[in-house]
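S.K.: Here it is, the structure, as structure tokens.
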Ligand code: GLA
């Protein structure tokens, strides 16, 4: 008996000793709780810490990290959060370094791409880091706002600048949109993506930050160029990089955007994922809330949904008042990303109708990460898909090749064709695809896409276009939309089962428009 009491006492002492080692010693700083990292005129990030001795565990979506992500040696704090969070094999990290002092002190962050920012870490209440869920409206179908009868065309700041841009760059871009000929080619919207907003003023009104001191004046300037202007927010409290979002302020923000004169809103899910579920009911409800708010303002604003294609958004996006909806994750300026985003759309071609478009993300043309052939494929594919054409490059300094791609009016006309018929797959053999799309005026666009890593001979049979040429003589015109050349073809080619054969470069395209003239007897 006394032996087991002795053993019990011994265990209690050992456990107490271990607990002492693990827990924060009395008097030692305890960082346990919620923290906000904020950058002046930049975004905010909320972090949850649990301190055990010198070790800091960090909270993520699924609770605390399994292993410590940081240390506190004396007053030196070092946190290293893997990306994606919780992945033990990750080679990418966001680090925070600070000399701690009370509940608010300067801290430096180095993000996963090596970008360093100087900000502040401040202790906050749990309710600020995790705001309570507000009720969503009952789902209903909002009326069509009558906008975007053809896929929207314009420019957006994100692909080129991320949040490193300002009012002056947007104004210069508007100037360049006009002087380069982009506006004449159909590009209309100048869209200010993440990075413009600051915190709310004491009345709760969203404001521009120091780089965007007067959002109304900016809108006026863009309008004075004969263009339209777009703005960016989120159904969550913050947009993806931490700038202010519209959570709980939907009506006010819609009103503010309308008062400032904005014509387009891109509404990005981002931190809404920490409040709502990723179910159709929650996504649709949150987007409907803002759709309703926009409609109430009475100002026509194109509504662009951005929730990365989850929960089959193409099936319900229009019900929320949406004019376009992202159907993919973010595009990057490389072949693999563009190819994946673009060709995946062939599975959902039934959804777009005038005013409601699938959006495989913005253009990367001119950003330098792809070859000319790859960028021509990008532009041709987006045009065949009836995708929005939102340029994402520096319009102030475009090479001739970039201009020739973005401003090819024949290719743009395919995108903007008023019939808005879906693209069809005429043939698919491994990496070789022939796509066709009926166009207004007895015409079809035919795209021979070579996704392979070598040039390839590709072909299609003229009669597979089903243009009724065998019924009698019709004039036939075939134009190669990238070279501008006429392709010689006769009605016999259509009746005798002849084919067109073309050499298509690696990752390249041959895009044709075939127009059949009015029926005439021989
Ligand atoms: C998301 C969107 C992007 C861009 C960024 C801004 O990733 O998909 O298009 O708006 O947010 O942070």
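S.K.: Over the range 118-212, what number does the Rg to Rh ratio reach, with both radii from the alpha-carbon atoms and Rh per Kirkwood?
M.R.: We get a ratio of 1.08 for the range 118-212.
S.K.: Now for a separate question. Sort 72-82, 364-374, 111-121 by packing, meaning the average of other beta carbons within 10 Å per residue, with the highest value first.
M.R.: The densest-packed peptide leads the list: 364-374, 72-82, 111-121.
S.K.: Here is a further query. Based on the Cβ-Cβ distance of residue 40 and residue 178, what FRET efficiency does E = 1/(1 + (r/R0)^6) give at R0 = 25 Å, to the nearest 0.05?
M.R.: 0.15
S.K.: Can I ask one more? Over 14 Å, how big is the tail of the calculated P(r) for the range 372-465, in percent of all Cα pairs?
M.R.: The share of Cα pairs beyond 14 Å in the range 372-465 comes to 67 percent.
S.K.: Taking 2.2 N^0.38 Å as the expected size of a compact globular protein, what ratio does the Cα radius of gyration of the range 188-278 give against it, to two decimals?
M.R.: The value comes to 1.05.
S.K.: A further question follows. How big is the gap, in Å, between the Cα center of the range 293-360 and the Cα center of the range 395-448?
M.R.: The two parts, judged by their Cα centres, are 19 Å apart.
S.K.: From the P(r) of the range 262-382, could you give the percentage of C-alpha pairs in the tail past 21 Å?
M.R.: On the way: 3052 of 7260 pairs.
Everything past 21 Å amounts to 42 percent.
S.K.: Calculated FRET efficiency, residue 214 and residue 344, Cβ-Cβ r, R0 60 Å, to nearest 0.05?
M.R.: Efficiency, from the Cβ-Cβ distance: 0.90.
S.K.: To continue, here is another question. Helix 372-385 versus the longest principal axis of the chain: what angle, 0 to 90°, nearest 10, using Cα atoms?
M.R.: 80 degrees
S.K.: Report, to the nearest 10°, how far helix 167-179 tilts away from the longest principal axis of the Cα atoms in the chain, using its own Cα long axis and a range of 0 to 90°.
M.R.: 10 degrees
S.K.: Need one number: the % of Cα-Cα pairs in the range 319-372 sitting beyond the 19 Å mark. Walk me through the numbers on the way to the answer.
M.R.: Numbers: 481 of 1431 pairs.
When all Cα pairs of the range 319-372 are counted, 34 percent exceed 19 Å.
S.K.: Go ahead and collect, in residue order, the members of the range 238-254 whose backbone nitrogen is under 16 Å from a label point 7 Å along the Cα-Cβ direction of residue 127.
M.R.: Label zone hits: 248.
S.K.: Limiting things to C-alpha atoms, what are the Rg and the maximum Cα-Cα separation (Dmax) for the range 413-470, in angstroms?
M.R.: 12.6, 38
S.K.: If you project the alpha carbons of the range 232-323 onto their three principal axes, what span does each projection cover, largest first, in Å?
M.R.: Cα spread of the range 232-323 along its principal axes, largest to smallest: 32, 28, 17 Å.
S.K.: Compute from the Cα atoms of the chain the Rg and the Dmax, the latter being the longest Cα-Cα distance, and quote both in angstrom.
M.R.: Radius of gyration, then largest Cα-Cα span, for the chain: 27.9, 117 Å.
S.K.: What is the mean projected area of the alpha carbon convex hull for the range 301-438, to one decimal in square nanometres?
M.R.: 8.6 nm²
S.K.: Evaluate the distance, in nm, between pseudo-label points positioned 7 Å from the Cα of residue 431 and of residue 278 along their respective Cα→Cβ axes.
M.R.: Label-label distance for residue 431 and residue 278, simple model: 3.0 nm.
S.K.: Further question: Using r as the Cβ-Cβ distance of residue 140 and residue 75, and R0 as 56 Å, what FRET efficiency do you calculate, to the nearest 0.05?
M.R.: Values: r = 56 Å, r/R0 = 0.99.
Computed FRET efficiency for residue 140 and residue 75: 0.50.
S.K.: Follow-up. Could you run the Debye sum over the Cα atoms of the range 39-198, one equal point scatterer each and no solvent, and tell me log10 of I(q)/I(0) at q = 0.11, 0.14 Å⁻¹, two decimals?
M.R.: At q = 0.11, 0.14 Å⁻¹ the computed log10 ratios are -0.70, -0.92.
S.K.: Using every alpha carbon pair in the range 67-141, what percent of pairs falls into each 5 Å bin from 0 up to the bin containing the largest distance?
M.R.: Reading the bins upward from 0: 3, 13, 16, 18, 18, 12, 6, 5, 5, 2, 1, 0.
S.K.: Specify the angular offset, from 0 to 90 degrees and rounded to the nearest 10, of the alpha carbon long axis of helix 250-260 from the longest principal axis of the alpha carbons in the chain.
M.R.: 60 degrees
S.K.: If the viscosity is 1.306 mPa s and the temperature 10 °C, what translational diffusion coefficient in µm²/s does Stokes-Einstein give for the range 20-107 when Rh comes from Kirkwood over Cα pairs?
M.R.: Details: Rh = 13.6 Å.
Answer from the Stokes-Einstein relation: 117 µm²/s.
S.K.: Per-residue ellipticity at 222 nm for the chain, helices alone: DSSP H runs ≥ 4 residues times -39500 (n - 2.57), over residue total, nearest 500 deg cm²/dmol?
M.R.: Helix-only estimate at 222 nm: -7500 deg cm²/dmol.
S.K.: Sticking with this one: Mean 1/r over all different Cα pairs, inverted: what Kirkwood radius does the range 435-522 give, in Å? List each step's numbers first, then the result.
M.R.: Working: mean 1/r = 0.0741 Å⁻¹.
Hydrodynamic radius (Kirkwood, Cα only) of the range 435-522 equals 13.5 Å.
S.K.: I'd like the antiparallel share, as a percent to the nearest 5, of DSSP beta bridges with both residues in the chain.
M.R.: Given both bridge residues lie in the chain, the antiparallel proportion sits at roughly 75 percent.
S.K.: A follow-up question, please. Cα atoms only, the range 337-417: Rg and Dmax in Å?
M.R.: For the range 337-417, the Cα radius of gyration and maximum Cα-Cα distance read 12.4, 37 Å.
Every read-out reported here was derived from the displayed coordinates using simple, explicitly stated rules and does not represent laboratory data. Computed from a prediction, not measured in an experiment: that's the story for all the values here. In this analysis, Cβ positions are derived from the backbone assuming ideal geometry, glycine residues included, and neighbour counts consider all displayed protein chains.
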